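FYI, it's all coordinate maths here, none of it is from the lab. Every value quoted in this text rests on a predicted model; they were computed, and no experiment measured them. Reconstructed Cβ throughout: ideal geometry from the backbone, glycine too, with neighbour counts over all protein chains shown.
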Number of protein chains: 4
Amino acid sequence: MAEKKTVPSDGDAGGIAGKQLKSLVERIERLEEEKRALAADIKEVYAEAKGHGFDTKIMRKVIALRRRDPQDRDEEEALLETYLRALGMGPAVGGRTAAE
Amino acid sequence: MAEKKTVPSDGDAGGIAGKQLKSLVERIERLEEEKRALAADIKEVYAEAKGHGFDTKIMRKVIALRRRDPQDRDEEEALLETYLRALGMGPAVGGRTAAE
Amino acid sequence: MAEKKTVPSDGDAGGIAGKQLKSLVERIERLEEEKRALAADIKEVYAEAKGHGFDTKIMRKVIALRRRDPQDRDEEEALLETYLRALGMGPAVGGRTAAE
Amino acid sequence: MAEKKTVPSDGDAGGIAGKQLKSLVERIERLEEEKRALAADIKEVYAEAKGHGFDTKIMRKVIALRRRDPQDRDEEEALLETYLRALGMGPAVGGRTAAE
DNA sequence: AACGTTGAAATAGTTC
DNA sequence: GAACTATTTCAACGTT
């Protein structure tokens, strides 16, 4: 049966390939740690915002919206309305439906 | 790995209370398992929906909307617009037609 | 294939597809309600436990641990193979392969 | 029913609070961008590893495990105390006390 | 009763 | 395009 390739160089268990692997893994781990640090920073800023009385949940939405392509937004919105209409509910925005 | 004892099966301090604890824990575990089963069922229905060509992401949104108090929705929407306006962005999202 | 459509049979909002969507949505909503009921039951059991003087926080930890343990064991086993393979050795079955 | 607060200091959308909000949002966005850059770097390293013939899926597993391990150790320690407390004994400090 | 913490649900992204 | 993983979001809980 065909063996799945695990490490590049063949019979050299723990040899050259091992060194290389170790190096790669360590690089990744370092980058990931930096990434985590950034995430912590972001969290802090949110905390600060909250301390100033802002609603962080809404802030997150705003930031997500800004990141997003306006066209996609519109399309999704349209689709949502379509589904709501198919369910007999009026479009969610612009006030409640008259029914019920 | 060595197993850890959950309760001192035979320790004096654990006696009666230990039995009771065990019973409570098991009841909870049973309920949680049922809960997980239900979650799996829900997942299945979504898969079926997808198979019929529906957009499950939108479906989730619809269901979330239906679950939610209309008043809260409106308030949140208003706040979102407020924030967007404070940032100098038009109220891009919020259900109005794309062309304003 | 390759149509980007909104509902399977399109243009028929509130029609056939609408019925189907409605049915799916309602099924999901029903399942979700059962799920919520179960969650409430679990909460009750915790309340009862608390009433008997147990520390629910610890109980949660214990339950979480019991749930995690089997997984961990599997992962550990998988990992063992992983490392072996990473070292250029075949899966542990039967020890070293003849291929050496 | 409590009123929902929109922006902290005043209703002056686009005013003082608006400046503050904008500043916070931009800081977050900048940090997020750095974070994304890091994620891209990580991805690159994986690509490089793959180019050298390594199985990145396994690499991810290994890295995840190395990250989880220290946590597990802490949890294990915490759990020890947990069990002791569940037995009605105080935290393990000093072993069994005479206070029983 | 707000706060932070934590675990689960959902979403996005990636690989095959 | 389907599955898996990683990230993000949301809700519950205890805490102060």
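Points to keep in mind about this one:
- Nm distances between copies for C:Gly15, ranked from closest, using label points 7 Å along Cα→Cβ: 5.4, 6.9, 7.6
- Inter-copy label distances for B:His52: 4.5, 4.8, 5.2 nm (label point placed 7 Å from Cα along Cα→Cβ; shortest first).
- Look at the stretch A:68-77: the mean tally of other chain Cβ atoms within 10 Å of its residues' Cβ atoms is 3.
- Distance between modelled label sites at B:Glu26 and A:Glu32, nm, 7 Å Cα→Cβ extension: 4.0 nm
- Listed values for region B:59-76 are Karplus-derived 3J(HN,Hα) couplings in whole Hz (6.51 cos²θ - 1.76 cosθ + 1.60, θ = phi - 60°), namely 4, 4, 5, 4, 5, 5, 5, 5, 6, 8, 5, x, 5, 4, 3, 4, 4, 5, and x replaces Gly and Pro.
- Rounded, prolate or oblate (a/c below 1.5 giving rounded, otherwise prolate when a/b exceeds b/c) for region B:28-82 by Cα gyration tensor: oblate
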